[in-house]
Structure formats: C-alpha cells, structure tokens
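Chemist: Handing you this structure, nothing more for now.
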Amino acid sequence: METIESYSYTSPLRLVHPNIKLFAVLITLFLTIFCYHIVISTIVYFVTTLVAIYYLKVKWRSLIHLMRVPLSFIFLSVITIIVEFGAPTAGAIINLGNVVFISEAGVWRGVTVMLTAMAAANAMYLLALSTPIIDFCEGLAKLKLPKSMVTLMLMIYRLIFVVSEMANKMRIAQTARLGYQTFKESLQSFGVLVSSIFIRSIKRTTKLYNALEARAYNGDIVVLSQDYQMRYQILVLTIVFDGLLLTLWMLLWH
C-alpha cells in the first residue's frame, strides 16, 4: 500500500508552491471549525475526499487506511461527550440507574464534533498527500519561521519513519517466533518491543546527529529549492468554495 510520502511525490500538485496549498487548507480548516455545523462539516468531508480520490489519485483503500488513526482518537473523544454521568436531564434517550445516561443533545453534540474533526483531518490530509515534507519545510522557512523549528520538524518526521520501520521488522520477527500466541506472551513481546525500540531509536538518533556534524552541520539543513508554480487559481477556488459554505452556514444559522 502506498504511503503519504509516495503520494506526495507523485501528486499532480507536487510543483505548486507549498504556501499556496497551506493557505488553501488552513482557510478551509478554520472555516470548518468556526462554523461547527453538521451540514458544513459533511460537505467539507465529502468534497475533500472527492478531491483526494479523483484529483490527487489517492486510492480509496489508502484513504481509509490513513483515516484509521485519527478516527480512533475521534471515536474515544466522542464517547466521552455522548455518555454523561449524574441525574438524567430532559431528553435522555438511555438511562442506566440514574447514574449514566445518554441524551439527544449529547448525541447531536458528539456527532457534530466527530464530523467536524473528520472534515478537518481530511483537509489536512490533502496538504500531506500533495506536499513532500522537504517542500513543506521550505515553505515554512519562507514564512520566516525559526530555522531551528523547521529543522527539528524535518528531523522528527524522518525519525518517525525510521522508528516505524524498526518496529515493523521487530514485530514480524516476534510473530515468526510465535511471540503473540497467548495474551500473556503478547504482553511480554510488546514490552520487549517497546523497550528495544526506545534503546535503538536513541542509538539511531545519535548516529544521525554524528553524521550531520561530520557534514559541517550548523543548525540548518540546506536542500535544493524547486521551481514552484504560483497557481493562485487554487486559492481563488478555495475562497469561492469557502464563501459558499459560509453563506450556507449563515442561512442555516438563521
């Protein structure tokens, strides 16, 4: 299955200036959070999904795979919003011994939060699936962000993939040695996996820093700059789309 990195390097928007894509995504993201409405969030979610599948050529299976991680956190958060404790209020749908209850207002609030978070995550994925981390960091540097922050972001992003690759190889090795046959063996294997990853990640980080210092690292990672396309029509389309959403929200509000 393709990764975010592979999609970002083969994206049709690969050579578009990263700050244009960043501003387009941020405008939509802020509007989605500001409106905080089921209809607006649903429209943003489906439109961003269609853009990812039909324009960025992302496979729908890959998109579902990418959404699994944020969905797990969103689902846990929504449960804490829907389930309430104490004496049931008016409009309670489920009442468990006057201690735990679920109300209609709580369900609507939970669904609104879930759809808003999913739409925001989908919008951010559009940026990640169309912009390599090198281009993104270069765009942030042009916005005059501190070089130390941009460099740290780049190194952390790189180390995430290094640690993920190590964890995947170690888990395969443990599975081949029947390390996850029972619940007790699974806990033991997972503990060994976590401790080994922690130790090895420190060693890899030290080697990475030594390699950078051997290449005259002075706190700034210099990469070759791309000749970006200034496609302002993306911003114009985004503003028109968000303007229509804002108008719809005002009509729904009144």
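Chemist: Quick check on my filter: what residues within region 207-250 are farther than 25 Å from I38 by Cα and more than 28 Å from the chain's Cα centre (by Cα)?
Modeler: Those that are farther than 25 Å from I38 by Cα and more than 28 Å from the chain's Cα centre (by Cα): K207, N210, A211, L212, E213, A214, R215, A216, Y217, N218.
Chemist: Out of region 212-254, which residues are of a type in the set (F, W, Y) and either surrounded by 14 or more Cβ atoms within 10 Å (Cβ to Cβ) or not assigned by TED's automatic domain parsing to the domain that holds A24 (or both)?
Modeler: Result: Y217, Y228, F241, W249.
Chemist: On to the next question. Among the listed residues Q174, Q181, which satisfies the condition of being free of Cβ contacts under 8 Å to residues at least 24 places away in the same chain, surrounded by 17 or more Cβ atoms within 10 Å (Cβ to Cβ) and either among the acidic types (D, E) or over 19 Å from S8 (Cβ atoms) (or both)?
Modeler: Going through Q174, Q181 in turn, just one is free of Cβ contacts under 8 Å to residues at least 24 places away in the same chain, surrounded by 17 or more Cβ atoms within 10 Å (Cβ to Cβ) and either among the acidic types (D, E) or over 19 Å from S8 (Cβ atoms) (or both): Q174.
Chemist: Moving on. Could you check V16 against (1) crowded, with 19+ Cβ neighbours inside 10 Å; (2) out of contact with any strand residue (DSSP E or B) (no Cβ under 7 Å at 6 or more places or on another chain) and say which number it fails?
Modeler: All conditions are met except number (2).
Chemist: Which residue is nearest to E5 (Cα to Cα), if the candidates are limited to region 184-214 and must be of a type in the set (G, A, S) and without any contact (Cβ under 8 Å) to a residue 24 or more places away in the chain?
Modeler: It comes out as A211.
Chemist: Scan the helices (runs of 4 or more DSSP H) fully inside region 33-131 and keep the ones with 2 or more residues being modelled with pLDDT under 90 and surrounded by 13 or more Cβ atoms within 10 Å (Cβ to Cβ).
Modeler: Of the helices (runs of 4 or more DSSP H) lying wholly inside region 33-131, those with at least 2 residues that are modelled with pLDDT under 90 and surrounded by 13 or more Cβ atoms within 10 Å (Cβ to Cβ) span 60-82, 104-130.
The values are calculated or read from the model by the stated rules, or taken from the named source; none is laboratory data. Keep in mind it's a predicted model, so treat the numbers as computed, not measured. Glycine also receives a Cβ, built like all others from the backbone with ideal geometry; neighbour counts cover every protein chain displayed.
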